[in-house]
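The values are calculated or read from the model by the stated rules, or taken from the named source; none is laboratory data. Bear in mind the structure is a predicted one, so any value in this text is a computation, not a measurement. Reconstructed Cβ throughout: ideal geometry from the backbone, glycine too, with neighbour counts over all protein chains shown. To get the accessible areas, we keep the full protein, side chains included, count just its heavy atoms, and leave off ligands, DNA and RNA. Shrake-Rupley method; radii C 1.70, N 1.55, O 1.52, S 1.80 Å.
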Amino acid sequence: MPDLAPTSHNLSSNEFKRLNRFGITCKGLFIPSVQQYVSDGDSANSSSRPVFPVQVLINGLAETIQWDWNVRRDSEKHIMASNIQWRSVWLMLLFASTIAAGPVKRRSTESEKAPSETEISQIVEWIEQRYQQTKAHQTLAAWEYGSNLTEFNLSKKTKAAADFAEVAKAVAEELQQFKTDQLTNATLKRRIKKLAKLGYAALPADQFKELLGAIASMESNYAKAKFCAYGDATKCDLSLDPELTEIFANHREPEELKYYWVQWYNATGAPVRESFQKYVELNRQAALRNNFSSGAAVWLNEYDDSTFEQQVDDVIEQIRPLYEQLHAYVRYKLRQKYGDKLVSPTGPIPMHLLGNLWAQTWDNIADFTTPFPEKKLLDVTDEMIRQGYTPIKMFQMGDDFFTSLNMTKLPQTFWDKSILEKPTDGRDLVCHASAWDFFAIDDVRIKQCTRVNMREFFVVHHELGHIQYYLQYQHQPVEFRGGANPGFHEAVGDVLSLSVSTPKHLKKVGLLKDYEEDEQVKINQFYRAGVTKLVFLPFAYTLDKYRWGVFRGDIKPREYNCKFWEMRSRYSGVEPPVVRTEQDFDPPAKYHVSADVEYLRYFVSYVIQFQFHRAACALAGEYVKGDPEKTLNNCDIYQSTAAGNQLKEMLALGSSKPWPDAMEVLTGERKMSADAILEYFDPLYQWLLEENKRLGAHVGWTDSQKCVSHPIDFMAA
């Protein structure tokens, strides 16, 4: 038996508090001298390990256990005085050991040695259990509230969120004590790095509360904005959804659209300038406390690549020629409808005319800009109804798509627990389609008030893409149960839709009959996709490029508004319908700015989905570069196990590896590039080159003059 010195350690009140943060209550925790040793097997190969009697308080009851310090998590040789929840005890003991001077000290040792890499790995595994439990509880509470919007469910959701935040902060603070730079196991370092992120919680309590208050103020102002109807000052209950959204999508009167644009931007911007400035200041303080130079560095760090910002810049330059051609064509069509007085032949496009409050997509004006409006657009909604499709049938078809790729069949729990149709019991719920991972095995769900139409048929496949991602990485530790980078999840959902939405696939599943797709029909389809996906990229780029500049201090408070419009004009070629000044403050008119939500993830997903699509199509034998019969835009990977197996391998990594490693598994590429999206849209690009030349449409745009530093009557322009 080793020569051991008698030692003991009583926890202080502060140490008790630290344990309580993990949901563990200790009563008189006392670690005395070693009382006994337990052998690990036969005498020839046995090794002894120290065991301690420890008193703890669990669920209000005092319990005594024998603490076997070296026992592994999967061992069944726990010596316990009563039947208690061993996982909770282990977590409590784990942190008791890190808080205390140590369970045992040799007489010859002056100070406690740092834990070995093996011990750190065990500690991380134990920590994960409590972290996963509280995260799962938080997710369940959020689901219950979103499924039934009651005050009771809201209070449960709020409490669960607070509980998880407290545990996450405690976990991060404890793990930050380890010197990970000395670890040799890259996976262990990555696990600790992910679990040890404090984020805003690194701030002192008063500043943390102040920051959350500033964000809440902006978000609340955004959500509560109300407006008077155009020409009717007595009707003042209009809001963003559904009224303003539908007005911009369907109305074509310029003065009406300008009126609503001004109302929205005035209401959601300038009133929160002070809150925004406080948010920026505290965002920077939090970044510095987390050893980052700025909030921009914090966001970009999520992409695990020091060159990522340059990759983003490169994509914008790659797509610019195509974007300029599409912009020139749309501007020409707008001039035909509204005249040169309203739409300049060479300047930016007045954004209120583009069918969207932020001009982030232009598909709502396709009714008068589509190249060949006399051609019938692809729509299988009537056929779905004729064949008796139901929401359940739509999800079964989606499940069939994935199983045809040799991917995972939806578990029975998905069908039992999901909400796939709007409930008829009168409850209020969030109907927006969403996919959920409950951080258990096979507990994945979708909440969607599904309607039978073609658009939602594609949405079903998109949401099931998220579900399939969850199922493929559910074996990973909780901190790795996520996309390889913030854009991967959305890209995976969309890459399936690129196949499902092809006429080829719709014919295979019996939804498209007697459909003739000539070149003009194809151009219409490409155009619709272009004014949805392609024009979104400069918008998404600007939203975060602007905020990076603000976070880094490159954009000063005195120029917050005009720099924003300068960037919108430079990258998107759009401008506000009226002159704006620094008295205005327009960036928070987009929800993600008001709510502190990083937006680059959407940009990334719109680019890499085409890289995924190209690789999957090649594996399926549906794409051969240069073959006019096997193009990216006519590819359907349905029933290709080769494509499915490779996709599965990428998805199974979750976020356990840097995203270039994950992308390489499927694509053989390690960089984000616009090559694939440009190849997909090449037929549209070639048509636009010829059409704009024929029309004499000017390509490119002059700088906008719609923001000045001095005050001005906002309705004068």
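Looking only at residues that are aliphatic (A, V, I, L, M) and part of a helix (DSSP H, G or I) in the stretch 502-542, which one is nearest to Asp367 (Cα to Cα)? The residue in question is Val531.
Here is a yes/no grid of residues against (1) polar (S, T, N, Q); (2) at positive phi; (3) at pLDDT 95 or above:
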site: His613; (1), (2), (3): no, no, yes
site: Tyr623; (1), (2), (3): no, no, yes
site: Gly626; (1), (2), (3): no, yes, no
site: Ala643; (1), (2), (3): no, no, yes
site: Lys648; (1), (2), (3): no, no, yes
site: Ala652; (1), (2), (3): no, no, yes
site: Gln686; (1), (2), (3): yes, no, yes
site: Val699; (1), (2), (3): no, no, yes
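The condition (being closer than 21 Å to Phe488 by Cα, among the polar types (S, T, N, Q), under 24 Å from the mean Cα position of the chain (by Cα) and buried (at least 22 other Cβ atoms within 10 Å of the Cβ)) is satisfied by just one residue among Ser605, Ser594: Ser605.
If you go through the stretch 556-589 and keep only what is part of a strand (DSSP E or B) and buried (at least 19 other Cβ atoms within 10 Å of the Cβ), you end up with Val574, Glu575, Arg580.
Scanning the stretch 438-479 for residues that are aromatic (Phe, Trp, Tyr), open to solvent by less than 30 Å² (accessible area, probe 1.4 Å) and closer than 30 Å to Leu512 by Cα yields Phe457, Tyr469. Between Ile446, Ile441, the distinction of being in contact with a strand residue (DSSP E or B) (Cβ under 8 Å, 6 or more places away or on another chain) and either at negative phi or assigned to a loop (DSSP other than H, G, I, E, B) (or both) belongs to Ile446 only. When Val495, Val521, Val535 are checked against the criterion of being touching a His at 6+ places or on another chain (Cβ under 7 Å) and β-branched (Val, Ile, Thr), Val495 stands alone in meeting it. Scanning the stretch 632-655 for residues that are under 20 Å from the mean Cα position of the chain (by Cα) and surrounded by fewer than 18 Cβ atoms within 10 Å (Cβ to Cβ) turns up just one, Ala652.
Would a scan of the stretch 394-405 turn up a residue that is in contact with a strand residue (DSSP E or B) (Cβ under 8 Å, 6 or more places away or on another chain), in a helix (DSSP H, G or I), without any contact (Cβ under 8 Å) to a residue 40 or more places away in the chain and open to solvent by 20 Å² or more (accessible area, probe 1.4 Å)? For the stretch 394-405, residues in contact with a strand residue (DSSP E or B) (Cβ under 8 Å, 6 or more places away or on another chain), in a helix (DSSP H, G or I), without any contact (Cβ under 8 Å) to a residue 40 or more places away in the chain and open to solvent by 20 Å² or more (accessible area, probe 1.4 Å): absent. Among residues that are modelled with pLDDT of 95 or more and either surrounded by fewer than 21 Cβ atoms within 10 Å (Cβ to Cβ) or assigned to a loop (DSSP other than H, G, I, E, B) (or both), Lys235 is not included. Where helices (runs of 4 or more DSSP H) fall wholly inside the stretch 256-339, the ranges with 2 or more residues that are more than 19 Å from Tyr200 (Cβ to Cβ) and hydrophobic (A, V, I, L, M, F, W, C) are 308-338. Just one of the listed residues (Glu575, Glu517, Glu566) is closer than 20 Å to Gly355 by Cα and in contact (Cβ under 8 Å) with a residue 12 or more places away in the chain, and it is Glu575. Out of the residues in the stretch 410-438 meeting the condition of being touching a Ser or Thr at 6+ places or on another chain (Cβ under 7 Å) and assigned to a loop (DSSP other than H, G, I, E, B), tell me which one is nearest to Gly482 (Cα to Cα). Per the stated criteria, the residue is Phe438.
Every condition in (1) open to solvent by 50 Å² or more (accessible area, probe 1.4 Å); (2) modelled with pLDDT under 95 is met by Phe292 except one, and the failing one is (2). Scanning the stretch 572-598 for residues that are modelled with pLDDT of 95 or more and among the aromatic types (Phe, Trp, Tyr) gives a single hit, Phe585.
Here the stretch 656-666 is the region considered, the condition is being open to solvent by less than 30 Å² (accessible area, probe 1.4 Å) and assigned to a helix (DSSP H, G or I), and the residue that is nearest to Ala616 (Cα to Cα) is Leu666.
With respect to Gly644, is the statement that it is in contact (Cβ under 8 Å) with a residue 40 or more places away in the chain and either closer than 30 Å to Leu496 by Cβ or assigned to a helix (DSSP H, G or I) (or both) true? So Gly644 passes the test. Only residues that are under 30 Å from Leu688 (Cβ atoms), part of a helix (DSSP H, G or I) and more than 26 Å from the chain's Cα centre (by Cα) were counted across the stretch 350-393, and they come to 9.
Every residue, every condition in (1) of a type in the set (Gly, Ala, Ser); (2) under 18 Å from Pro577 (Cα atoms); (3) surrounded by fewer than 21 Cβ atoms within 10 Å (Cβ to Cβ), yes or no:
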{"residue": "Tyr329", "(1), (2), (3)": "no, no, no"}
{"residue": "Lys337", "(1), (2), (3)": "no, yes, yes"}
{"residue": "Asp340", "(1), (2), (3)": "no, yes, yes"}
{"residue": "Pro345", "(1), (2), (3)": "no, yes, yes"}
{"residue": "Leu354", "(1), (2), (3)": "no, yes, no"}
{"residue": "Leu357", "(1), (2), (3)": "no, yes, no"}
{"residue": "Lys375", "(1), (2), (3)": "no, no, yes"}
{"residue": "Asp379", "(1), (2), (3)": "no, no, yes"}
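Could you tell me whether the stretch 506-520 includes any residue that is open to solvent by less than 10 Å² (accessible area, probe 1.4 Å) and among the β-branched types (Val, Ile, Thr)? So far as the stretch 506-520 goes, no, none of its residues is open to solvent by less than 10 Å² (accessible area, probe 1.4 Å) and among the β-branched types (Val, Ile, Thr).
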